[in-house]
Structure formats: structure tokens, C-alpha cells
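Here's the structure we're looking at; comments come further down.
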Amino acid sequence: MKSKKTQVCIIGSGPAGLLLSQLLHNEGISSIIVDRQSRSRIEERVRAGVLEWGSVEALEDAGIGERMHREGLPHSGFDLAFDGDLHRIDLTALVDKRVMVYGQTEVTIDLIARRLKQGCEIIFSAEEVQPIDVKSDAPKVRYTKDGETVEITCDYIAGCDGFHGVSRQTIPQDILKTFERVYPFGWMGVLVEKPPVSDELIYANHQRGFALCSMRSPTRSRYYVQCPTTDKVEDWSDARFWDELAVRIGPQVAANLETGDSFEKSIAPLRSFVAEPMRFGNLFLCGDAAHIVPPTGAKGLNLAIADVRILSRGLIEHYKRAQDAYLEAYSQTCLKRVWKVERFSWYMSTMLHQFPEFSGFEKRMQRAEFDYLAGSEAASQALAENYVGLPLEM
Ligand code: FAD
Ligand code: DHB
């Protein structure tokens, strides 16, 4: 068996693992990243699109701000729509902050390029990845590649391997508590090479279901519609998608909708999930490995970045100043914030989707929530404060 050594072994080359590796490298701390997927698969995945400003700053710190600032689209507000009525959430006026529209795909491409250029070892297409001895002072990550088994010995393991990864499964069942809500619908998403229907994002609740108008650039749009979990991508021809989207966003907005052939189509399920604690021995869970939010409100990627900012601070304090207070508090610090973000994502999802089990009462509650937001600056401000991103600690 071949062996390697590093300070922090990172499982997962998604945004969480890559950013952690970069923030550690900036302080002279070594890491190796192991991922089961190929580089091209990782770089082709289309996922989130909105960065909180705290995430923008973390990516600047990581040294990948240049293309993001050149190609990303700063947004100072977005629209909520309810059966055709519009209410603008003016982020700048309400909380004096903005967000950045820049795709997760681009963030990942930028981070991989920078990490490789700086000589970081990223092992793609690794098989049978397994954290071992995580409670010892010399934990290891074992994997197989090209028929050869390799063991990486390290001080700490960061489990950044997403919801379906192995890291969380390493924590014994009598220690790990999980909390879950699965929603009775998914999001059907398309990418199209056409200008966005509006300069701002639009989150719409319509009797036929939720719709979201987003974008990736001034010429590339990203749209989603709520669909049953049983639907398949093949059930949604482009024509059906455009007809449904136009109905849900209403005639006033749909008048500007430019349709075309979609070049990416996927269905994502909606889930709320939290695993506690986020540390076991010398294994730390980050991002989707520890928690999932439904995408309404664009928090999944941002939450992963927040975890990594908190963990990197703890590791840097450990290596630079032999102080472990931040590391000791990692799980507690993250979970306090995680639950607030879970609450916001659940709130946005509940307000904006059609639930099969909802009676007339719950539907009136959704409408009342929208009307309250539209008539109350305080309510809009609370929503805006969450949308632009809560502070790391509050
Ligand atoms: P991931 O990006 O999942 O990265 C985990 C990495 O670990 C992957 O590269 C994976 O290959 C690797 N891995 C997994 N298992 C193993 C293993 N056993 N061994 C080694 N490596 C492993 N959020 C939004 O805010 N808006 C959206 O529109 C949105 N859409 C989404 C659509 C989909 C289909 C999915 C799955 C998620 C979406 N999200 C969205 C959520 C957002 O993309 C995630 O929160 C974000 O990717 C979390 O980053 P991460 O680095 O924690 O995990
Ligand atoms: C996008 C995704 C989201 O979940 C969201 O709330 C806003 C935008 C997007 O993919 O562009």
C-alpha cells in the first residue's frame, strides 16, 4: 500500500472542499483533496447561482475574485410574485447590502484551476474512499485509484463530500442525530442561451406552482418550475416548460420572456436536513455533508462557504497560535447559524410553493404572508437580512 502525508485531508472537491484547501494554503497549511468524480464531471455540474456578499469576500480572500468581479452580476434586489402581483425586495435600501449572481460551476472551475496551479494534489476519480481512525491523533483517508490502494495520514479530516458522501456515515449512529423534512415536489430547471426575462430574479408563487427566473449572464438565463417528484426530465419538452413558466410568472412579466432550445435540464428534489454534531474526533463535516436546505433562497452553497470560513479560522488558530478554542466550538458555532438558515429556506419554500396537502387555510396564510411583506418595511427587511446572508456569528 502506498502512503502519503498532509496536515488536512479533504474528502470532496466541491466548493466546500476546494475553498477550504485554498484558505488553508494561504496560511501555509497543507492539504490533499480526494474526490470520487472526474474533474470534468465536477466542472460540468450546474447548481446554485447566487452568492451572499460574505461568500464573495471569502472567494476574494481565496484569490479567485478577479473573474467573479469581471463576469458576475451584482444584484441590489429581487422580486416576489404572487398570482401575478409583484413586490420588490430592495436589498440595498432595506439592509444596505447586495448579492452576486455567479454560478457555482464557475466558482468550482476557478478554484480547481487555482489549486492545481499552486501545486495542490487533487485526486480525482478515487474509488472506495474511506476515513479511518478518525478518533486517533493520526487519522487516515484510504482510497483506491488505478488498482492501487493509497493511505493518506493527516492531523485532521474535512468531510466535504456532500449529502451522499462517506464522511457522515463514519459517525456512529448513537452519536449522530439527524433531522429531516422531504418536500412533496422538486424543481425542474433549464439553462437557455437567451437574455433573462428581467434584470432581477423573480420568485413566483402561482396556483399552478412555484417558478423562479434567474440568470447566469446578460445572455444566459436559468429558469425553474415546481414539479411532482415523480416527473422525469423527458416529461418536460421545451415547449411544455415555456408554456408553464409563462403562466406562472403572469402575462406582464411573460411579455418579455425570450424562449429557445434549452441546453441543460435537470430535476432536483427539495429537502431540509441537518446532522448533529458536525465534528467527531478529528473529522469535521462541512457543507452538504452535514446539512441540506431546499434551494428557495439560494442558501446551500453559501452555507457550505460559511462552514468552511469557520473551520479554516479554527485550523489556522490551531496551526499558527496553538489555540484550539475555535476548533472546539466548530460544531456549535456552525449549527447555530445552520438552523437559522434552515429556518429561512423552509420559510421561503413554504411561502412560495403549492403543497398538495394544503387546504384553503394554508393557501390564505401564504397570501397573507405575501401581503404582509408587500405592506411592511419591517417584514421585508427581515427577509432581506436573511437573503443577503447572516453574519458568521450572531
Ligand atoms: P458538493 O458540491 O456536493 O460537493 C461534494 C463533493 O464530494 C463532490 O465533488 C462529490 O463528487 C464528492 N464526493 C461525494 N461522495 C464522495 C465520496 N464517497 N468520496 C469522495 N468524494 C465524494 N443550492 C442553491 O443554493 N441553489 C440551487 O439552485 C441549487 N441547486 C442544486 C441542484 C442539485 C442537483 C444539487 C445536488 C444541489 C443544489 N444546490 C443548490 C445546493 C448546492 O449546490 C450545494 O449546497 C453545494 O454544492 C454544497 O457544496 P459542497 O461542497 O458541500 O458539496
Ligand atoms: C438560483 C437558484 C436558487 O436556488 C435561487 O434561490 C436563486 C437562483 C440559480 O440557479 O440561479
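Every number here is computed from the coordinates shown, using simple stated rules; none is lab data. Remember, it's a predicted structure, so these values are computed and weren't measured experimentally. Because the Cβ atoms are built from the backbone with ideal geometry, glycine has one as well, and the counts that use them run over all protein chains shown.
When the charge dipole of the chain is built from unit charges on Cβ atoms (+1 for Lys and Arg, -1 for Asp and Glu) and taken about the Cα centre, the candidate among S55, A211, W346 whose Cα reaches farthest toward its positive end is S55. What the Kirkwood sum gives for segment 197-347 is a hydrodynamic radius of 18.0 Å, with every pair of different alpha carbons counted. Here segment 1-67 is assigned +1 on the Cβ of each Lys and Arg and -1 on the Cβ of each Asp and Glu. Its dipole about the Cα centre then comes out at about 620 debye. For the chain, the relative contact order is 20 percent, taking Cα pairs closer than 8 Å that sit 6 or more residues apart in sequence and dividing their mean separation by the residue count. A Cβ-based charge dipole, computed about the Cα centre of the chain with Lys and Arg at +1 and Asp and Glu at -1, lands at about 580 debye.
Diffusion coefficient of segment 84-152 by Stokes-Einstein, Kirkwood radius over Cα pairs, 25 °C, 0.890 mPa s: 147 µm²/s.
Of the peptides 242-253, 290-301, the order by per-residue mean of other Cβ atoms within 10 Å, starting with the highest, comes out as 290-301, 242-253.
In plain terms, if you count all Cα to Cα distances in the chain and split them into 20 Å steps from zero, the share in each step is 28, 56, 16, 0 percent.
Averaged over residues, the count of other Cβ atoms within 10 Å places the peptides 49-57, 140-148, 335-343 in the sequence 49-57, 335-343, 140-148, highest first. Note on segment 1-135: antiparallel DSSP beta bridges, both residues inside, total approximately 65 percent of the bridges counted. Expressed as a whole percent, the proportion of Cα-Cα pairs in segment 131-290 lying more than 22 Å apart is 57%. Over segment 70-185, all Cα pairs binned in 5 Å intervals from 0 give whole-percent P(r) values of 2, 8, 10, 12, 13, 12, 12, 11, 9, 6, 3, 1, 0, listed from short to long. Annotation: the antiparallel percentage among DSSP beta bridges lying fully within the chain is about 70. Calculate the length of the line joining the C-alpha centroid of segment 193-247 to that of segment 281-297, in whole Å. Centre-to-centre (Cα) distance: 27 Å. When the alpha carbon gyration tensor of segment 1-140 is reduced to an equivalent ellipsoid, its three semi-axes come out at 35, 16, 15 angstrom, largest first. Over all other residues within a Cβ to Cβ distance under 9 Å of E151, the charged ones net out to +4, with Lys and Arg as +1 and Asp and Glu as -1. The Cα trace of segment 1-66 gives Rg and Dmax of 13.6, 45 Å, the first to one decimal, the second as a whole number. Counted as membrane-span-like here are DSSP H helices of the chain whose alpha-carbon atoms extend 30 Å or more along the helix's own axis and whose Kyte-Doolittle mean is -0.5 or above; these are 300-321, 330-352.
Given +1 at the Cβ of Lys and Arg, -1 at the Cβ of Asp and Glu and no other charges, the dipole of segment 241-394 around its Cα centre is 440 debye to the nearest 20.
Taking 0.36 nm per residue of separation and subtracting the current Cα-Cα distance, fully stretching the chain between L392 and R220 would add 58.7 nm. Projection of the Cα convex hull of segment 305-394, averaged over all directions and equal to a quarter of that hull's surface, yields 7.4 nm². Here the sum of -39500 (n - 2.57) over DSSP H runs of 4 or more residues, divided by the residues of the chain, equals -11500 deg cm²/dmol at 222 nm, to the nearest 500. Remark: the D90-L116 segment gains 5.4 nm on full extension, using 0.36 nm per residue and subtracting the alpha carbon distance.
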